[in-house]
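What follows is a set of notes on a single structure, which appears directly below.
The values are calculated or read from the model by the stated rules, or taken from the named source; none is laboratory data. Keep in mind that this is a model prediction, so the values were computed, not measured. Here the Cβ positions follow ideal geometry from the backbone for every residue, glycine too, while neighbour counts run over all protein chains shown.
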Amino acid sequence: MSETLPHQYYHDATTWAWECEQVFRRHWWLIGIESELTDSGDYLAITLMKWPLVIVRDQAGELRAFYNLCRHRAGPLVFDGAGRCQDLVCRYHGWRYARSGELLKAPGFEGETLGDRAQLGLLPLRVQTWNGLLFVCLDESAPNLETWLGDILPIAARFDATSSMQFDGEVRKKARSNWKTYGDNSCEGYHVGMVHSRLGSSMLRESVTIDCYDNGEFVGFDVSYASGEDDSRAGQGFWIYKFPGLLLHFADFAFNAETVLPLAADAIELRRWFWSNAEKATDHGVDNASIRPNSERVMDEDVTICELVQRNLASGVYPGGRLSARQEPGTIYFQQLVRKALGGLLETEKGGAESRD
Ligand code: FES
Ligand SMILES: [Fe+2]
């Protein structure tokens, strides 16, 4: 038995501000897929929490990531979304930057001193790829992506890489939910029977083992499905919820990855990318390898319940509850990670309360 997190951590502005600076900055975030940026000049721009970012493939074919803001007066270089460019030209007054970040031209400044141009390049960020997925990190001192993924790497090695599968598309969905409400839900299978009745019937419940991994800070569900009911899901599978907001779903003939992008204290955007291996599935007598239709239905069901839980947490009347060590070990672990990440905030609040006493 374990006590739940206090409700205010799911909706108040102080927690949100703390999380942006002290939690989100320190992690890697899945923001897209590598195949969107195959050619030199391809770019992807996104607002991650409050930070405007652009990832672009440079002249040498390398991926570069920058804050999507101009060194003149903070104008945007590109609008959010995907596209292709030669140079990065600010949309405000037209300063021009190479895709490697150097300032090339400041139109209208001829005859004026700009100082050292090398000091006026775009502000760089870290970008790395793994298994066809594109990750960024805002913190120079954070561990590299492989270290951050930890024990996910040997688990992933048991399944096919995305490079040997076909891409089945992307789904995006916004939800009126705190990222932790969605995380709590994603780390347990206790709700499956009530919320996902069709999924529940196809799962060999006794074969599910839930483990919490400190090396990578994730919850892993080793899952097997019964054949004959949901044929596309038959076989072995492994689900992962990695703190703070990455979901990976490995299966014999399919893979999907989902990112939980916090937008505000009470809002997230989910982006999920799907791959499958139809040929291999057919060889094994499975007609439809794609898990996308099932996966989208499950996602909708999760969003619906999380939005209702979020409404109730924000009502301010929830006095706190209990978590089951048997049914919800993953959620207990997730909330331990949240408490650790919010440690400084909890200490500050405790100190404030004590000094008021
Ligand atoms: S803000 Fe970019 S050119 Fe002025
Ligand atoms: Fe669910």
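For residue 349, the conditions (1) away from ligand 2 (no atom under 16 Å from the Cβ); (2) modelled with pLDDT under 90; (3) within 26 Å of residue 34 (Cα to Cα) all hold with the exception of (3). The set of residues from region 71-106 being near ligand 1 (Cβ under 7 Å from one of its atoms) and surrounded by 15 or more Cβ atoms within 10 Å (Cβ to Cβ) comprises 72, 75, 90, 95. The C-beta contact set for region 66-79 (first residue closer than 16 Å to residue 121 by Cβ, second residue within 16 Å of ligand 2 (Cβ to nearest atom) and not β-branched (Val, Ile, Thr), distance under 8 angstrom, 6+ apart or interchain) is empty. Could you say whether any residue in region 315-324 is free of Cβ contacts under 8 Å to residues at least 40 places away in the same chain, of a type in the set (Gly, Ala, Ser) and either surrounded by 12 or more Cβ atoms within 10 Å (Cβ to Cβ) or out of contact with any His (no Cβ under 9 Å at 6 or more places or on another chain) (or both)? Looking through region 315-324, none of the residues is free of Cβ contacts under 8 Å to residues at least 40 places away in the same chain, of a type in the set (Gly, Ala, Ser) and either surrounded by 12 or more Cβ atoms within 10 Å (Cβ to Cβ) or out of contact with any His (no Cβ under 9 Å at 6 or more places or on another chain) (or both).
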